[in-house]
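Written below as structure tokens is the structure these notes are about.
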Amino acid sequence: YWRGYNFHMDYFGGTVNRDDWHAETWDGYETDALNRYAMEFMGEGGDEPFCLFISPHQPHVTPFASAPEECYDRLPDDLGFPANVPRDVRERSASAYRDYLAMTLAVDDMLGDLMRYLDESGLAENTLLIFTSDHGTQMGAQGRPAWDKKLPYEESLRVPMMARLPGAFEGGHVRDALMSPVDLFPTLCGLCDVSVPRTVEGIDLSDAWLDSEGAAEQDAVFTMNFTKAYDYLVDGDEWRGVRTKRHVYTRWLNGLTELFDLDADPLQMRNLAADPASRELRDALDRLLDAFLAERSDTLEPCTDSADWFDEQRRIVRNAYGPLGDPEQPPDWSLLS
């Protein structure tokens, strides 16, 4: 079952490609349409195990209408901005922020409808449900444009990570274990008792998710941006960093370094990198970053120097462990051994 798109920006009446190679235009708003496809797929599966991936564009910026009017009606008149959004940027960001929150409400409604379907169909008791995202957005924080998203600040770095599996995860429980997106796949493998391929980056955190006794946790995660552009290799804005539970440390290719103490400065308004009192901490995080870079054979270079990590369709064909398999060929199952 396939209902997919490569790229579009019209959330009302968008188009998907079907598994019979024909295109189909949906009625209404995208999140509602994706839920209809999801429920159709699950309804056709009978008792067979299934893997379902739903990827709404929202809350991504669009030049067209962003969200249904009823989503805007649920927002307060005064949204307010945190102190790290300069006053002159707030006016420019206000409309984008309202669009962002309205679209987020639409996604929240979609998730609620999907969870109700799982409950009412009896599928919930044996279904692992994950909700996450690939990045955040600045919305004017640190004076950046509203839709900036590839920055070493909490507004961009932090993403939702919610999981539901009745009998395994306690409802309403918050875990503070550090996790990077590259850890999600090996963690899912661990939860499903499936071997992790040797080419996969990231670690299995399933024991931490399950609150298993003695479960290992990461002290820090690696963060990075490698291109100035969103979809193509353009030199500029390259940086690498580490995020611990308390600190964010970043080294930019242009020579800038940043260090923030999230306990004392959660809005990241005071860079401690040049503070003599923070020198020992900065040096320790700098060494930790060097270790992360060495592990990945990463030398923090202009992104065009890594062009051979992608093919002509911008598919990743190499990672820290070396070349990956041909994306046009079947998987090499020996990598699971």
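Quick look at the numbers
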{"read-out": "For the stretch 177-186, Karplus couplings with θ = phi - 60° (6.51, -1.76, 1.60), whole Hz, Gly/Pro x", "value": "5, 6, 8, 10, x, 5, 7, 5, 4, x"}
{"read-out": "Dimensionless Rg ratio for the stretch 84-222, taking C-alpha atoms and the 2.2 N^0.38 Å reference", "value": "1.25"}
{"read-out": "Cα-centred dipole magnitude for the stretch 179-218, charges only on beta-carbon of K, R (+1) and D, E (-1), debye, nearest 20", "value": "220"}
{"read-out": "Mean separation of Cα contacts under 8 Å (6+ apart) over length of the chain, as relative contact order %", "value": "10"}
{"read-out": "Convex hull projection area averaged over all views, the stretch 179-218, Cα basis, nm²", "value": "2.7"}
{"read-out": "Cβ-based net charge around G202, under 13 Å, with every Lys or Arg adding one and every Asp or Glu removing one", "value": "-2"}
{"read-out": "Value at 222 nm in deg cm²/dmol, rounded to 500, when DSSP H runs of n ≥ 4 in the chain each add -39,500 (n - 2.57)", "value": "-8000 deg cm²/dmol"}
{"read-out": "For the chain, built as a Gaussian network whose Cα springs stay under 10 Å, the top-fluctuating residue of L52, L114, L289", "value": "L52"}
{"read-out": "The stretch 1-131: relative contact order as a whole-number percent, Cα under 8 Å and 6+ apart", "value": "23"}
{"read-out": "The stretch 238-337: GluC sites (Glu not before Pro) in DSSP loop, at most 14 other beta carbons within 10 Å", "value": "E312, E328"}
{"read-out": "Cα-only Debye scattering, the stretch 1-174: base-10 log of I(q)/I(0) at q = 0.20 Å⁻¹", "value": "-1.40"}
{"read-out": "Qualifying trypsin sites (Lys or Arg not before Pro) in the stretch 155-204, DSSP loop, other Cβ atoms within 10 Å at most 12", "value": "R158, R198"}
{"read-out": "Cα-based Rg of the stretch 1-79 normalised by 2.2 N^0.38 Å, two decimals", "value": "1.28"}
{"read-out": "Summed residue charge, Cβ within 15 Å of F64's Cβ, Lys/Arg positive, Asp/Glu negative", "value": "-4"}
{"read-out": "Simple Cβ-charge dipole of the chain, Lys/Arg +1 and Asp/Glu -1, about Cα centre, in debye nearest 20", "value": "1040"}
{"read-out": "Amide H contacts under 5 Å for L262, placed H, 5+ residues apart", "value": "H247, V248"}
{"read-out": "Distance histogram in 5 Å bins (all Cα pairs of the stretch 178-248, percent per bin)", "value": "4, 15, 18, 19, 17, 13, 8, 5, 2, 0"}
{"read-out": "For E280, net neighbour charge (Lys/Arg +1, Asp/Glu -1) across residues whose Cβ lies under 15 Å away", "value": "0"}
{"read-out": "Candidate aspartates and glutamates for bridging to K149, where Cα separation is under 18 Å - those fewer than 8 sequence places away on the same chain excluded", "value": "D99, D134, D231, D235, D237, E238, E258"}
{"read-out": "Simple Cβ-charge dipole of the stretch 1-174, Lys/Arg +1 and Asp/Glu -1, about Cα centre, in debye nearest 20", "value": "880"}
{"read-out": "Alpha carbon centroid spacing (whole Å) that separates the stretch 292-317 from the stretch 147-216", "value": "24"}
{"read-out": "Max mean-square fluctuation residue, GNM over the chain, Cα-Cα springs under 10 Å, options D119, D109, D231", "value": "D231"}
{"read-out": "Derived scalar couplings ³J(HN,Hα) [the stretch 315-326; Karplus, 6.51 cos²θ - 1.76 cosθ + 1.60; whole Hz; x for Gly, Pro]", "value": "7, 6, 10, 8, 9, 4, 8, x, x, 9, x, 4"}
{"read-out": "Karplus 3J(HN,Hα) series, Hz, for the stretch 10-18 with 6.51 cos²θ - 1.76 cosθ + 1.60 (x for Gly, Pro)", "value": "8, 7, 9, x, x, 10, 10, 9, 9"}
{"read-out": "Charge dipole of the chain about the Cα centre (unit charges at C-beta), most positive-ward option of G255, V107, N35", "value": "G255"}
{"read-out": "Whole-Å semi-axes of the ellipsoid equivalent to the chain (Cα gyration tensor, √5λ, descending)", "value": "33, 27, 22"}
{"read-out": "Positive dipole terminus of the chain, leading residue within S156, W309, N126 (C-beta point charges)", "value": "S156"}
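Each value in this text was obtained by applying a stated rule to the coordinates, not by laboratory testing. What you are looking at is a predicted structure, and each value in this text was computed from that prediction instead of being measured. Neighbour counts run over all protein chains shown; Cβ positions are idealised from the backbone, glycine included.
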